Amino acid sequence: MKKTVKNLITWSPCHLITSPKSAFTLAEVLITLAIIGVVAAMTIPTLISNYKEKATITKVLKAYSNINNVYQMAKAEHGNINQWGFPGNSSTGSYDEEGNYIINPNTAANAPLFWSKMTPYMKVISQCNRGDQNCKYPKVTRLNETYIDLNTLSIIELADGTTMFGGWMNNINCNGSTQVCGDFAIDINGSKTSPNTIGKDIFYFNVTQNAIIPMGKDGIKGSSRRFPADCNLTSTSDYNGYACTVWIIENKNMDYLHCNDLSWNGKRKCSD
């Protein structure tokens, strides 16, 4: 039988088809990396800022819920706040002839009494009151970064890393849910962590007979702190930052740090 070899092809190196390999040049790689670097430099700071603001908002909302729960438990045990035994109305105090601040005696007594009713329901690490040695809050600034002397009454460090301070009782004979009885502040990342700025990591709350409410809320008697006059990067108010609390609670953003034309009846965020 005769064998037939069909379509037999013998390959040799000279028959191989070769083509140049595709690759980026060094210049192309460097240009690409430069573009990536520029984009990263433009976007990463914004992403980090957004993340930090969202974390701050979450902490403020949590602190607000926790302190309201504590207040309700204290009321359940001791009755309404005007039954807690405060010695009398407080004031902002006065200055002596040498310019030293003299706190109202009632105010000095009110703060420790207020916290004595509240702290049993908190996980407290340390506490001091005005007059105690070294009971001084670190440097605090307003939202416009000007320094403010808080004349702090009490400082309470909590196990979750937050600090509570103040405890001004402005009207012991407060009545109903729309009359301010006093106020205090919460530093959501603690007194030893910057920036210690009102409206950035320090937030103020008012005490009413019925509940703890965010400072700056409209329709509340006895508190003149209002948004945007008291929460605006360009404001020269002595209380700049105090009314940021209510904006965060009700709008869930900190856009007052990025634009100055926000209002309750207009823009609620910078992108509107």
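For this structure, a couple of remarks:
- Each residue in the range 165-214 was checked for being within 25 Å of I103 (Cβ to Cβ) and among the polar types (S, T, N, Q), and 10 of them qualify.
- For the range 129-156, filtered to residues that are within 17 Å of Y239 (Cβ to Cβ) and of a type in the set (D, E), the residue that is surrounded by the most Cβ atoms within 10 Å (Cβ to Cβ) is E145.
- Only one of the listed residues (K217, K200) is buried (at least 20 other Cβ atoms within 10 Å of the Cβ), at pLDDT below 95 and in a loop (DSSP other than H, G, I, E, B). That residue is K217.
- Matching residues in the range 167-190 - criterion: being of a type outside the set (D, E, K, R), open to solvent by less than 10 Å² (accessible area, probe 1.4 Å) and at pLDDT 90 or above: F184, A185, I186, G190
- Within the range 18-29, residues that are of a type outside the set (A, V, I, L, M) sit with their Cβ atoms under 9 Å from residues that are surrounded by 10 or more Cβ atoms within 10 Å (Cβ to Cβ) and at pLDDT 75 or above, at 6+ positions apart or across chains, in these pairs: F24/T32.
- Residue in the range 32-39 that is surrounded by 11 or more Cβ atoms within 10 Å (Cβ to Cβ), modelled with pLDDT of 80 or more and out of contact with any helix residue (DSSP H, G or I) (no Cβ under 6 Å at 6 or more places or on another chain) present: yes
- For the condition of a type in the set (D, E, K, R), free of Cβ contacts under 8 Å to residues at least 24 places away in the same chain and surrounded by fewer than 19 Cβ atoms within 10 Å (Cβ to Cβ), D261 qualifies.
- Here N170 passes the criteria (1) without any contact (Cβ under 8 Å) to a residue 60 or more places away in the chain; (2) closer than 29 Å to G85 by Cβ; (3) among the polar types (S, T, N, Q) except the one numbered (1).
- Note on the range 138-185: residues that are out of contact with any Leu (no Cβ under 9 Å at 6 or more places or on another chain) and part of a strand (DSSP E or B) total 14.
- Of all the criteria given as (1) open to solvent by 40 Å² or more (accessible area, probe 1.4 Å); (2) among the charged types (D, E, K, R); (3) under 22 Å from D149 (Cβ atoms), the one not satisfied by D230 is (1).
- The range 250-266: number of residues that are assigned to a loop (DSSP other than H, G, I, E, B) and either hydrophobic (A, V, I, L, M, F, W, C) or more than 26 Å from K62 (Cβ to Cβ) (or both): 8
The values are calculated or read from the model by the stated rules, or taken from the named source; none is laboratory data. Note that this is a predicted model, so its numbers are computed, not measured. Here the Cβ is made from the backbone with ideal geometry for all residues, glycine too, and neighbour counts use every protein chain on show. Protein only, heavy atoms only, side chains kept; ligands, DNA and RNA dropped before computing areas. Shrake-Rupley method; radii C 1.70, N 1.55, O 1.52, S 1.80 Å.
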